[in-house]
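The values are calculated or read from the model by the stated rules, or taken from the named source; none is laboratory data. Small disclaimer: the values here were computed from a predicted structure and weren't measured. Methodologically, a virtual Cβ is constructed for each residue, glycine included, from the backbone with ideal geometry; neighbour enumeration extends over all protein chains shown. To get the accessible areas, we keep the full protein, side chains included, count just its heavy atoms, and leave off ligands, DNA and RNA. Shrake-Rupley method; radii C 1.70, N 1.55, O 1.52, S 1.80 Å.
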Amino acid sequence: MKIYPLLFLSFISVFSFAQSDSASKAQLQLLKQQYEDAQRQLKQKQNELKRVELQLNLARKENTTSETERKVDPTAIVSFVERTQHNKEYLRNPNKASDKGLDINSELVVRLNKDEIRKDIALEKTNQTDLKNLFVYLQALERYKDQMPAALEKVSNSYLVYTQNPTPANTLLYTQAIKARSALFLDMVQAAQSIPQFREVYNSEYERAIADENVLLTTQVKHQIALTAIAAVKPVFERQIDSLLTKDGVRVALAAWITKRGEANSSTIHIDGFDDYAPGTFYAYDRFQLALTEEQQAELKRLDESFKGMQPEEVFKKVGEQVKGQIQTELDNQVRILDSLWEQTKNSFRENYTQNLDSLHIKYPKLVYDIHRLDSVVNLLQVTINRVVNQVNSPSVANVNLANISSLQGEIVGHTQALSQVIQALKEDVNDPRLKSDVKSIIQSGVDQLKSTATQFASSSNPVFTIIQQLFPDNDLAFIKKQALELTDKVKQHTVTDLPEEGVIDLLYTGKRKFGDRLTVRLYYFGNDSAFGTKGKIRKQATFTLMNALPSVNMTVQYQFAKPFGLKGDTARFGGNWKSGPGYSTLFKFGSRNAIYKEFVDVGLGVNIAAFDFNRDDIPEFAVAGVVSIFRDYIQGGIGYNVNAKSAYGFFGVRLPLPYAPISIPASKTNFNEAINP
């Protein structure tokens, strides 16, 4: 540091010259000025050191911020965080396909950003001037807080570049940086003029800084004073905003449902702090299955009974014919039902439309009169224009009567004026609020009628969906039908002030779950006006797929087709044909949080056990193989060894869409009246 030697020399010089009679007053004044300059530089360096220490403290605080505080999206009104059984957290984005998966034994932490929720509600409530003004002021202060550090850094950097190389370009950059910093400061000051609390805190901190002789009022110090004032006034703003929202009846609710894969109904689940539901039954998904379930054992038996001794093409042909025939029958039935429903809907719609028009004629006689006037004036105008055209198109110039044309021109002007009057009258008729309301009701009535038809058809389509669910137990087609996720009185409606900032959904307490179940979370706004309404407005919805995100072991049942490699001299015994039989695999699954991978690929490695009949004696033989599975175990393949037949073989296996043999078909509504009026 060059400052301390300079101070020392200054003291020595002052002392020496004070002892000398020949020291002039000019020299003493010069030394005094040097001493004061050095003292100012010292204070400036001390203040700079304090600023650096403050930045270091902020950096340390940022580095020690907990993982829980970091796992949020600062710009979102709600963030979704998956918390595993090992207490690790992963930020999930439900709008991103690969992020839509949740581990089946995890917790979903829903974190609400109350600042963003206030802003979001204020933007929706366009008729609240006081609320919007408060947000304009608050956003100006927030903008200053967020953007000023970068602006100050830009000024500092551009100044260093300018002093080292004062070219016109560097001068311009430095000037622009100062202007940007000044604009932010002025924007903040203009907003602060309307906030007495801000001015009080700012002036108090400013006076304290002036009174402290160890503080030099640099731009950085003024910035810290402004940040202190902003931090002090922000809670005041929030209380004022919350008070206006509460007065306007604004409330916020959070609710969640689980929809089992392959089922049409959804069940509500508990979110801590957001509802009065009791926690569900505790169930921990078993990640290490080492024995077949009763259902899998029954499936092995059914597969053996259904396809025993068949070649691959015969198996697939049998399954295809059964599936095709039964689904086709149901689809033909649904087409007939839809035709009948549509015919009834058209007739009913036509009748309602006629009745609604008749009611409008009775309720708005002036509108009907003006419409008739419009029709009459347009007809007169058309007739007059045709007469003019006939006159002009006369085959002989001598037959053109200019006087008649002039007269007809006057008639056209008169009809045009009458047309303008009628149009003005119609505008007044149409602007009648009662008419707008009635027309809207008529349109809504038609829309409701079409919705009703769609609902009736969907309810009559249950047999088709049920067949598909039986054929493919893990299918996602059931989710095509829109789920009726309804709120109940047990869901709490919070004011923004009382709104919890976090809710936890513990999947361990949601009952028995399986891969592919869906978790849906909704954020609602309620209010007393049309912006939200007493029934609530869905502001945010997120749907996640439950999956096994950690490494695991599971077992699957499939029907297998083996090709014996054979030994020399054994061709007659084994032949070259495929051998078939049921089997099961014990598979190791790799952990992954990528929902796309888990949903479609999901590779597995393991051991396969099968019962073939290589030597055609109708006695099952024990076979073991190494196996690789893909596409969520629907396709498997590997190389194995038949212990009884003493032969190696290659094989592939498939999960056949046949949980029952024959397929269980639900009762269809073949009666049109029953289908239309369920």
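Numbers below:
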item: Peptides ranked, highest mean first, by Cβ atoms within 10 Å: ranges 109-117, 616-624; result: 109-117, 616-624
item: For segment 506-570, the Rg and Dmax computed from alpha carbons only, in angstrom; result: 25.2, 88
item: Accessible surface, 1.4 Å probe, highest first, among residues His270, His223, His372; result: His372, His270, His223
item: Order of exposure, largest accessible area first, which applies to Asp517, Asp146, Asp99 with probe 1.4 Å; result: Asp146, Asp99, Asp517
item: Per-pair calculated FRET efficiency, R0 = 41 Å: Tyr597 and Leu152 via Cβ, rounded to 0.05; result: 0.35
item: Amide hydrogen neighbours beyond the local backbone of Gly606, cut-off 5 Å, H modeled; result: Phe588, Val627
item: Label point distance in nm, Val383-Glu411, each placed 7 Å from Cα along Cα→Cβ; result: 0.8
item: Segment Thr354-Glu313, length gained on full extension (0.36 nm per residue, minus Cα span); result: 8.8 nm
item: Val628/Lys96 FRET efficiency (R0 35 Å; Cβ-Cβ; nearest 0.05); result: 0.75
item: Counted charge near Phe282, where neighbours are those whose Cβ lies closer than 11 Å (Asp, Glu -1; Lys, Arg +1); result: 0
item: Efficiency of FRET between Phe590 and Glu294 - r from beta-carbon atoms, R0 45 angstrom, step 0.05; result: 0.95
item: Shape of segment 106-166, Cα gyration tensor, a/c cut at 1.5; result: oblate
item: Global form of segment 113-212, assessed from the alpha-carbon gyration tensor, a/c cut-off 1.5; result: oblate
item: Linear extension gain, Asp617 paired with Asn133, 0.36 nm per residue minus alpha-carbon span; result: 165.4 nm
item: Low-density loop cleavage sites - GluC sites (Glu not before Pro) in segment 159-241, where at most 10 other Cβ are within 10 Å (DSSP); result: Glu213
item: HN-Hα J in Hz across segment 302-307 - Karplus 6.51, -1.76, 1.60, θ = phi - 60°, x for Gly and Pro; result: 5, 4, 5, 5, 7, 10
item: Difference of contour (0.36 nm per residue) and Cα-Cα distance, Asp429 to Val161; result: 89.5 nm
item: Segment 163-241 shape via C-alpha gyration tensor axes, a/c threshold 1.5; result: oblate
